[in-house]
Amino acid sequence: MSRIGNAHIVLPAGVTVEIKDNVITVKGPKGTLTQAYDPIITPKLDGTTLIFTRANELSTTKAKHGLYRALTANMVKGVTEGFQKNLIVNGVGWKVNKQGNKLVMNVGFSHPVEIAEIDGISIETPSVTEIVIKGIDKEKVGQFAAMVRGIREPEPYHGYGIRYSDEVIERKVGKAAGSKG
């Protein structure tokens, strides 16, 4: 039994769902998202409630049942509230700022690193050590945030690097100075 797949999605006011040719289209105040789905899963719109049913009880079908329900729930949340990832830059003299539609980062290289905004993603820099990535597509926001973090991943000795705001870096003890064996 797919517990996630059996949960209904209640559509908030201002959100419309269209199901046509194995594609779910969700429109809301922030934009429009689409997702193709396997025909073995059947979405049905019942007023303001979206219900997913499956054709059989195979384990792969049960997995897809939960998958498409979760993807659609994320689309509904994206077009109403949107998604955001917060990143923290930690390093001596490291700073970030936004110039036009580019994120310019001075993160310990001999040159500044520039990253352009992609379609559907907006970047904000509330301070010189914070980056906020926003968008309506959860996958795009997460992928872009991972790409920015990958430029300087946090290291465990001093904690320098770009990390998620809720990420905990386990610190390691450095080499003991002056010990002779």
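Mean-square fluctuation check for the chain, GNM, Cα pairs under 10 Å: which of Met105, Met147, Met75 is largest?
With Cα springs under 10 Å in the chain, the top fluctuation among Met105, Met147, Met75 is at Met147.
Taking 1 over the mean of 1/r across every pair of different Cα atoms in the chain, what Kirkwood radius in Å do you get?
Taking every pair of different Cα atoms in the chain, averaging 1/r and inverting gives 19.1 Å.
At 222 nm, what value in deg cm²/dmol follows for the chain if DSSP H runs of at least 4 each add -39500 (n - 2.57) and the sum is divided by all its residues, to the nearest 500?
The helix-only estimate for the chain comes to -7000 deg cm²/dmol at 222 nm.
Can you compute the charge dipole magnitude of the chain about its Cα centre, using +1 on each Lys and Arg Cβ and -1 on each Asp and Glu Cβ, nothing else charged? Give it in debye, rounded to the nearest 20.
Value, rounded to 20: 440 debye.
Could you grab the relative contact order for the chain? Cα pairs under 8 Å, six or more apart, rounded to a whole percent.
About 18 percent, as a whole number.
If neighbour count is taken as other Cβ atoms inside 10 Å, put Phe144, Phe109 in order from fewest to most.
Phe109, Phe144
Computed over the Cα atoms, what is the radius of gyration of segment 1-90 divided by 2.2 N^0.38 Å, N being its residue count?
1.17
Taking the alpha-carbon centroid of each part, what is the distance from segment 68-96 to segment 137-157 in angstrom?
What the calculation gives is 10 Å, centre to centre.
Read the figures in this text as sums done on the coordinates, not as results from a lab. Just so you know, these numbers come straight off a predicted model, no measurement behind them. Please note: Cβ atoms are built from the backbone with ideal geometry, for glycine as well, and neighbour counts cover all protein chains shown.
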